[in-house]
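Since the structure comes first, as structure tokens, the remarks are kept for the end.
The values are calculated or read from the model by the stated rules, or taken from the named source; none is laboratory data. If you're wondering where the values come from, they're calculated on a predicted model, not measured in any experiment. Virtual Cβ from ideal backbone geometry, glycine too; neighbours counted across all protein chains shown.
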Amino acid sequence: MTLDPDGPDAPFSVRIGARLPDRQLWEGIPDWLLDPLLDWLEKNLDRWLIRQLTLRLRLSLPESDSPKRSLRDALAQRARESDSGRWDILDAIDFLCQNDPDADLALPTVMIAGHPVSGSEPLTILNRLLANGGSAYLYRKGRLERRVDDTAVAAFERTAATASDEASMHLRRAWSATYGRDPEPSRGYGDAVRAVEAVACPLVLPDDPKPTLGKVIARLRERPDEWNLILPGERDATGITPMLLMLQLLWTAQRSRHAGGPDTRDQLLAETEAAVSLAVTLVQWFSSGFIQRNEEGLPNSLSHCPSRVIMIEAFKRLTFKRQASWFQTAILVTGKCHN
């Protein structure tokens, strides 16, 4: 769930233009979210989870008739003492979300006339709390992760679902390492590159036993006329040039690939977010056939010509020595095809 500050649920003062929408996302747990999140956690814990959390969070609880209340009080005390204690609460919520084998947290808890009330599911309530409180996090697919624009999430899910198994695996790893509650930017960037390699290498370098994205870029740069991009470009954006620049940007901006170089460093989180977004687009392009080999190795300028079948047959009848001059002649024909 994402609270749209410009939507129908926006505050009255925002809807009438008296105030600008509040788009700030808050890291950790701000004061106004502390009690609501502790209440949610207390309500949805069971004895097994409480025991596991006391071990994971290094908590010692006193004997009590209400272990839930004891854990809540202990976490509240830590939260008052330091910001680190507030992270313990998020860790506890994340652990609870990941340890729900029967999906009880997805079941409605309110019934009216024997019918479940939609929106009363604990996970729905949790996301509503996080969204209304301006949290930088939300629940999605079994865990807490950083809040991302809904459109970006939809594009990622659609691409991951339709890509090859290997590309999908690396893409999901990259997403988790980038938008999980404990981001690992360098790891996420590496998986973004590997996701693109998983779809580009088999197409561009099918016989290379050790293909890399760098080799893919080199091959495409050496033989651009062997490939065709579905988007017809103009001027500096003709042929596969736009996609080649996207691949080059993804490859060269990875500063964490090797160690010991003058420019080697860990990736910044913003860099990895951009890289994952770029990888999603590239994986979709390769998986959807938006880049293809040209028929019979013809220049890409001829790939859309209505008379290409005739030209292909003519090309086959030419000797190897005359093919070069044939390409020069084909340029004139291409001009007619575009007129």
Restricting attention to the stretch 23-51, which residues are more than 23 Å from Leu107 (Cα to Cα) and of a type outside the set (D, E, K, R)? Gln24, Leu25, Trp26, Gly28, Ile29, Pro30, Trp32, Leu33, Leu34
Checked the stretch 100-127 for anything of a type in the set (A, V, I, L, M, F, W, C) and free of Cβ contacts under 8 Å to residues at least 40 places away in the same chain; matches are Ala103, Ala106, Leu107, Val110, Met111, Ile112, Ala113, Val117, Leu123
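If we only count helices (runs of 4 or more DSSP H) wholly inside the stretch 232-339, which ones have 2 or more residues that are at pLDDT 85 or above?
Once the helices (runs of 4 or more DSSP H) in the stretch 232-339 are filtered for at least 2 residues that are at pLDDT 85 or above, what remains is 241-252, 269-287.
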Thr109 being of a type in the set (Ser, Thr, Tyr), modelled with pLDDT under 95, more than 26 Å from Arg23 (Cα to Cα) and part of a helix (DSSP H, G or I): no
Of the residues Ala174, Ala200, only one is more than 13 Å from the chain's Cα centre (by Cα), in contact (Cβ under 8 Å) with a residue 60 or more places away in the chain and outside the structural domain of Asp100 (by TED's automatic domain parsing); which? Ala200
Taking Leu171 as the residue in question, decide whether it is surrounded by 14 or more Cβ atoms within 10 Å (Cβ to Cβ), farther than 30 Å from Cys201 by Cβ and not β-branched (Val, Ile, Thr). no
Selected residue (only one of Glu63, Glu121 is among the charged types (D, E, K, R) and surrounded by fewer than 17 Cβ atoms within 10 Å (Cβ to Cβ)): Glu63
Let me confirm something: among Leu130, Leu144, which residue is of a type outside the set (Phe, Trp, Tyr), crowded, with 19+ Cβ neighbours inside 10 Å and in a helix (DSSP H, G or I)? Leu130
Could you go through the stretch 210-224 and let me know if any residue there is touching a strand residue (DSSP E or B) at 6+ places or on another chain (Cβ under 7 Å) and under 20 Å from Thr159 (Cα atoms). no
Can you give me the number of residues within the stretch 45-84 that are outside any helix (DSSP H, G or I) and not charged (D, E, K, R)? 9
